[in-house]
Amino acid sequence: MLQSAPDALQLPANATPADYWDMARTLSLVGDTLVKLDARGDPQPALAVAWQSDNNARHWLFTLRPGVKFHDGSAASPAAIAQILGALHSNWSVQASAGSVSIESETPMPSLLAELALPRNLLLKQDANHLPTGTGPFLVAQWQPAKLLKLAANEDSWAGRPFVDAIEIEFVKSFRDQAIALELDKTDVIEASPQAAGGSQPHGTSPSSLSLPVELLALVFSANSKAQDPHLREALALAIDRKPIQSVLLKGAGEPAASILPNWMTGYSAVFSAPANPQRARAVLAEARQPVSNLSYGLAYDPRDPQAQLVAERIALNAREVGITVQVSLSGAEDVRLVRVVLPSPDAATSLAEAARQLGLPQPVFSTPRGASLDDLYQAEHRLLEGHAVIPLFHLPVASAASARVRDWVPSRLGAWNEAGSSLADVWLADRPEVLRQDSRAYSFLQAGSR
């Protein structure tokens, strides 16, 4: 069961975090990328078994895994791979040769391996029914938009046939609905609320698994916001008391943040101070060029985010305590918005670039063509936060839970469901003693494997 309601099996360009995780996890069962990244950010082979680049990181050559086929039986040839990648990236020159694919760009691409590992670079074709056809462990067997997806095991998977015969995914299910279904033994694997992950587990289920913080909750000022003065924005950042929000409203999940990237990626997030300082906020506000006493600023939020309204209202309360009037509303003028964005890669430079894109910030620029040093990364992030156009608030994890009969599966620390050592293709299901006849190789998000 998943939260989103997709009308197509593709990763939306401007997906909400719920939409992103749901479709990224689903499509990663159908397709493969050229490379994968492990939790340390190190590249691992996928459809490419080897790679090399020139000193400027502008020309890359990937040696492809031989003998791989798409689900429709066609070869995952260099020409087919090059055509897919070329369509995804018009600014790249992608060429096929014997057993390999080359990628060239006019600008250095030091983080290309991390870029290629992103879910949006899954190597998928579309069949006559506009359904994705890939090389992954499962193929699409049935699709009912915004309702149900059935996947069948790929008998010819290059990584070996999955242990389970099928996966059924039912969409448009809230965290609460998913938790109830798991407790009632109607499903095997669910997304879980990170806020509930530390609580007691229902009988017959495994403990919820929390990922590393892979999302950012932040305030973003709109281009036409009345709050253009950096002093006003800084004062708001100083007014927000993150710790009570985290401990009460988020029920302890996540980490208070004043940086875009979490500490596990960079090690330097503590340099960006996060504690509330109302006294300093009032002093900064007094330096603002525009009067604020007679102005009200509209704070919008995503109504699909279950915690967003409560967090927004608490931010408005903190703001009023230092003399800034903030009105929380879903209508009217929007001066600032509470947003949640995905940090999709363990590679810090790639996640910073993706976060900047989602937040509407300029793309970070690094000084060296071979990749960003830690100092380069810090300086780039510092530049993005100058002027307080974005106020980071929290780094948040995602959570999963499984029934007790799901064996040999530990969700990835990055939130994925199909990575080396944590793939749903490698799980097996224990028989339920109360079921007289049970196919232990059937697997489902909805029907708990019974068929």
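The values are calculated or read from the model by the stated rules, or taken from the named source; none is laboratory data. On a predicted model such as this, the values are computed, not experimentally measured, just so you know. Cβ coordinates were reconstructed from backbone atoms using ideal geometry, including for glycine residues, and neighbour counts include every protein chain displayed.
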Any chance ALA114 is outside any strand (DSSP E or B) and crowded, with 20+ Cβ neighbours inside 10 Å: yes
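Let's see how each residue does on (1) under 25 Å from SER53 (Cα atoms); (2) in a strand (DSSP E or B):
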| residue | (1), (2) |
| --- | --- |
| ARG120 | yes, no |
| THR135 | no, no |
| LEU149 | no, yes |
| ALA152 | no, yes |
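Inside segment 277-302, can you point out the residues that are small (Gly, Ala, Ser), surrounded by fewer than 20 Cβ atoms within 10 Å (Cβ to Cβ) and under 25 Å from LEU217 (Cα atoms)? Can you show your working first?
Within segment 277-302, the subset small (Gly, Ala, Ser) is 281, 283, 286, 288, 293, 296, 298, 300.
Now restrict to residues that are surrounded by fewer than 20 Cβ atoms within 10 Å (Cβ to Cβ): 283, 286, 288, 293, 296.
The answer is SER296, and nothing else.
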Segment 217-250: number of residues that are touching a Phe, Trp or Tyr at 6+ places or on another chain (Cβ under 9 Å) and not in a strand (DSSP E or B): 11
Of all residues making up segment 342-356, the number that are under 16 Å from PRO392 (Cα atoms) and either polar (S, T, N, Q) or surrounded by fewer than 24 Cβ atoms within 10 Å (Cβ to Cβ) (or both): 5
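Could you say which residue among ALA416, ALA420, ALA402, ALA380 is at pLDDT 85 or above, in a loop (DSSP other than H, G, I, E, B) and not acidic (Asp, Glu)?
Of ALA416, ALA420, ALA402, ALA380, the one residue that is at pLDDT 85 or above, in a loop (DSSP other than H, G, I, E, B) and not acidic (Asp, Glu) is ALA416.
With TRP60, TRP51 as the choices, which residue is closer than 26 Å to THR266 by Cβ and either without any contact (Cβ under 8 Å) to a residue 12 or more places away in the chain or buried (at least 21 other Cβ atoms within 10 Å of the Cβ) (or both)?
Every option except TRP60 fails the conditions.
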Neighbours by Cβ (under 6 Å, 6+ apart or cross-chain): first from segment 258-280, β-branched (Val, Ile, Thr); second surrounded by 19 or more Cβ atoms within 10 Å (Cβ to Cβ): ILE260/ALA355; ILE260/GLU381; ILE260/PRO392; THR266/ALA348
Meets criteria (touching a Leu at 6+ places or on another chain (Cβ under 7 Å) and not hydrophobic (A, V, I, L, M, F, W, C)) for ASP347: yes
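Could you say which residue among ALA79, ALA13, ALA98, ALA24 is within 30 Å of ALA192 (Cα to Cα) and either touching a residue at least 12 places away in the same chain (Cβ under 8 Å) or buried (at least 17 other Cβ atoms within 10 Å of the Cβ) (or both)?
Among ALA79, ALA13, ALA98, ALA24, only ALA24 is within 30 Å of ALA192 (Cα to Cα) and either touching a residue at least 12 places away in the same chain (Cβ under 8 Å) or buried (at least 17 other Cβ atoms within 10 Å of the Cβ) (or both).
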Tally, over segment 251-295, of residues that are out of contact with any Phe, Trp or Tyr (no Cβ under 9 Å at 6 or more places or on another chain) and outside any loop (DSSP other than H, G, I, E, B): 14
Checklist (1) over 22 Å from ARG25 (Cα atoms); (2) touching a helix residue (DSSP H, G or I) at 6+ places or on another chain (Cβ under 8 Å); (3) among the charged types (D, E, K, R) applied to ARG65, failing item: (2)
Failed item, numbered, when SER111 is tested on (1) at pLDDT 95 or above; (2) under 16 Å from ASN56 (Cβ atoms): (1)
Residue in segment 423-439 that is modelled with the highest pLDDT, counting only those that are surrounded by 17 or more Cβ atoms within 10 Å (Cβ to Cβ) and part of a loop (DSSP other than H, G, I, E, B): VAL427
Test: residue in segment 34-41 that is more than 24 Å from PHE138 (Cα to Cα), modelled with pLDDT under 95 and of a type in the set (Asp, Glu): no
